[in-house]
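J.: Pasting a structure below so you can have a look.
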Amino acid sequence: QVQVVESGGGLVQPGGSLRLSCAASGSIFSINAMGWYRQAPGKQRELVATITRSHSTNYADSVKGRFTISRDNAKNTVYLQMNSLKPEDTAAYYCNVVVVSSSAFRLYDEYWGQGTQVTVSS
């Protein structure tokens, strides 16, 4: 029904930058919120940043001031600009998309991407 694909991950040195992209496709009436989550080995998945359709944003304290989330509603795409990367940012980053399946009945569906690996190392 809906496919979510992330891209842009890779290996960077501390202090470097990466830009992640996430594109949603398929049967989409409207996308409500989009966000990025990450999971490091042996750790729980945690919220990184979210953004509403009206571009209101929310960030984890650990990335505030370094990461910027944005979206292009026309392209059903969300981005995560990551600057001043630290080794602690190393994780698999997952895109989350909340799709409106029926606005009349307030029905929503949630989809996840397969993840893209970000490794920050010297």
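The values are calculated or read from the model by the stated rules, or taken from the named source; none is laboratory data. What you see is a predicted model, and the numbers here were worked out from it, not measured in a lab. As a convention, Cβ positions derive from the backbone with ideal geometry for all residues, glycine included, and neighbour counts pool all protein chains shown. Remember, those area values only see protein heavy atoms, side chains included, never the ligands or the DNA or RNA. Shrake-Rupley method; radii C 1.70, N 1.55, O 1.52, S 1.80 Å.
J.: Can you name every residue in segment 76-99 that is surrounded by fewer than 20 Cβ atoms within 10 Å (Cβ to Cβ) and of a type in the set (Asp, Glu)?
T.: Glu88
J.: Of all residues in segment 6-37, how many are closer than 13 Å to Asp89 by Cβ, small (Gly, Ala, Ser) and open to solvent by less than 30 Å² (accessible area, probe 1.4 Å)?
T.: The qualifying residues number 2.
J.: Among the strands (runs of 3 or more DSSP E) lying completely within segment 37-122, list those that include at least 2 residues that are of a type in the set (A, V, I, L, M). Lay out the reasoning, then the answer.
T.: Working: elements: 46-51, 57-59, 67-72, 77-82, 91-102, 107-112, 116-120.
Ranges flagged: 46-51, 77-82, 91-102, 116-120.
J.: Which residues, taken from segment 38-75, are open to solvent by 30 Å² or more (accessible area, probe 1.4 Å), of a type in the set (A, V, I, L, M, F, W, C) and modelled with pLDDT of 95 or more?
T.: The answer is Leu47, and nothing else.
J.: Ok, one more. Only residues in segment 100-122 that are touching a residue at least 60 places away in the same chain (Cβ under 8 Å) count as the first member; pair them with residues that are charged (D, E, K, R) and open to solvent by 100 Å² or more (accessible area, probe 1.4 Å), Cβ under 7 angstrom, at least 6 apart or cross-chain, and list the lot.
T.: none
J.: Further question on the same structure: Considering only residues that are within 14 Å of the chain's Cα centre (by Cα) and not in a strand (DSSP E or B), look in segment 1-31 and name the one that is farthest from Asp72 (Cα to Cα).
T.: Gly9
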